[in-house]
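> I am attaching a structure below and will ask some questions about it afterwards.
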Amino acid sequence: MPSTTPSVVILISGSGSNLQAIIDASKTDKCPINIVAVISNRPDVKGLERAQQANITTDVVDHTLFKDREEFDQALIQKIDHYQPDLIVLAGFMRILTANFVEHYIGRLMNIHPALLPNFPGLNTHERALESGVQEHGASVHFVTTEVDGGPIILQASVPVKKQDTAPQLAERVLHQEHLIYPLAIKWFAEKRLRLDNNQVLLDQQTLPETGLNYAQGMENQ
Ligand code: GRF
């Protein structure tokens with residue numbers, strides 16, 4: 001009998017702390033998935049070690065070896081499709097993806113972004129949040145579409161911005177929330193409760209608001 005546990009490929013570029021949170025959750029009923037491969041665009045990153053320690057197949061598609069984005073993305077598609085995943089998870093994957101790549105996986109490609117989207121898309125989100133004087137910051141899990149950091153939002157978690165915060169302190173507070181919300185959104189997808197339909201997110205057949213759901217403690221059990 002074919003396995004009904006959804007298979008997931010995770011793409012990383014670095015430390016892989018989100019990857020670790022997803023691996024840990026996948027070993028419990030918090031996130032019923034089978035991580036079939038972890039692929040990095042950089043060799044020698046900590047995330048690859050984390051995957052190997054968990055006995056997960058790893059691969060590297062080094063973007064510096066390709067002529068352009070299009071060629072890199074085509075090579076990445078070939079690698080990913082070899083594993084026939086139900087879901088592709090970007091976990092600290094620091095590459096802008098081409099429209100061809102995104103369209104190939106539309107509806108089964110998720111990302112986490114360290115800001116309360118639509119605020120602060122792009123890089124250096126914590127520094128920018130501090131400079132702008134917002135009192136709340138956070139993280140967002142969203143489906144990926146061709147608009148960078150602009151895809152429909154599934155789940156957000158907020159943290160307070162404190163007066164004396166430095167960017168690393170704020171980043172740590174946000175990262176802690178990332179580790180809670182990413183496995184949860186993946187769980188909903190794995191349970192077939194979550195889908196992207198016509199550029200809108202549906203959870204249990206209900207259309208979510210534009211900024212997705214707000215994470216609250218205890219949601220994991222729902
Ligand atoms: C996270 O803040 C993620 O949202 C961002 O890059 C950071 C990567 O962290 N895209 P890690 O590699 O998961 O530790």
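The values are calculated or read from the model by the stated rules, or taken from the named source; none is laboratory data. Here the structure is a predicted model, which means the values were calculated and not measured. Because the Cβ atoms are built from the backbone with ideal geometry, glycine has one as well, and the counts that use them run over all protein chains shown. Side chains included, ligands, DNA and RNA excluded: accessible areas come from the protein's heavy atoms. Shrake-Rupley method; radii C 1.70, N 1.55, O 1.52, S 1.80 Å.
> Is it true that residue 161 is modelled with pLDDT of 95 or more, out of contact with any helix residue (DSSP H, G or I) (no Cβ under 6 Å at 6 or more places or on another chain) and open to solvent by 10 Å² or more (accessible area, probe 1.4 Å)?
Yes; evaluated as a whole, the condition is true for this residue.
> Evaluate the following for residue 158: is it under 24 Å from residue 97 (Cα atoms) and outside any loop (DSSP other than H, G, I, E, B)?
On the way: under 24 Å from residue 97 (Cα atoms): no; outside any loop (DSSP other than H, G, I, E, B): yes.
No: the conditions fail for residue 158.
> If you don't mind, there's one more thing I want to ask. Considering the range 100-118 alone, what residues qualify as being surrounded by 17 or more Cβ atoms within 10 Å (Cβ to Cβ) and part of a loop (DSSP other than H, G, I, E, B)?
105, 108, 114, 115, 116, 117
> Any idea how many residues of the range 45-87 are within 15 Å of the ligand (Cβ to nearest atom) and closer than 24 Å to residue 195 by Cβ?
Residues in the range 45-87 being within 15 Å of the ligand (Cβ to nearest atom) and closer than 24 Å to residue 195 by Cβ: 0 in total.
> From 97, 130, 123, grab the single residue that is at negative phi, outside any loop (DSSP other than H, G, I, E, B) and either within 12 Å of the ligand (Cβ to nearest atom) or crowded, with 16+ Cβ neighbours inside 10 Å (or both).
Exactly one of 97, 130, 123 is at negative phi, outside any loop (DSSP other than H, G, I, E, B) and either within 12 Å of the ligand (Cβ to nearest atom) or crowded, with 16+ Cβ neighbours inside 10 Å (or both), namely 130.
> Restricting attention to the range 193-204, does a residue exist that is under 15 Å from residue 140 (Cα atoms) and aliphatic (A, V, I, L, M)?
Yes, the range 193-204 contains at least one residue that is under 15 Å from residue 140 (Cα atoms) and aliphatic (A, V, I, L, M).
> What are the residues in the range 70-94 that are crowded, with 19+ Cβ neighbours inside 10 Å and in a loop (DSSP other than H, G, I, E, B), if any?
Scanning the range 70-94 gives 85, 91, 92, 93.
> Please verify whether residue 189 is surrounded by 15 or more Cβ atoms within 10 Å (Cβ to Cβ), within 14 Å of the chain's Cα centre (by Cα), away from the ligand (no atom under 14 Å from the Cβ) and within 19 Å of residue 26 (Cα to Cα), treating the condition exactly as stated.
Yes; evaluated as a whole, the condition is true for this residue.
> Any residue in the range 99-119 that's within 30 Å of residue 167 (Cα to Cα): show its pairings with residues that are within 16 Å of the ligand (Cβ to nearest atom) and small (Gly, Ala, Ser) at Cβ separation under 6 Å, as long as the two are six or more apart or on different chains.
Note: pairs meeting the criteria are 113/140; 114/139; 116/138; 117/140.
> Does the range 164-186 hold any residues that are under 13 Å from the mean Cα position of the chain (by Cα) and either modelled with pLDDT under 95 or open to solvent by 30 Å² or more (accessible area, probe 1.4 Å) (or both), and which are they?
Those that are under 13 Å from the mean Cα position of the chain (by Cα) and either modelled with pLDDT under 95 or open to solvent by 30 Å² or more (accessible area, probe 1.4 Å) (or both): 175, 177, 179, 180.
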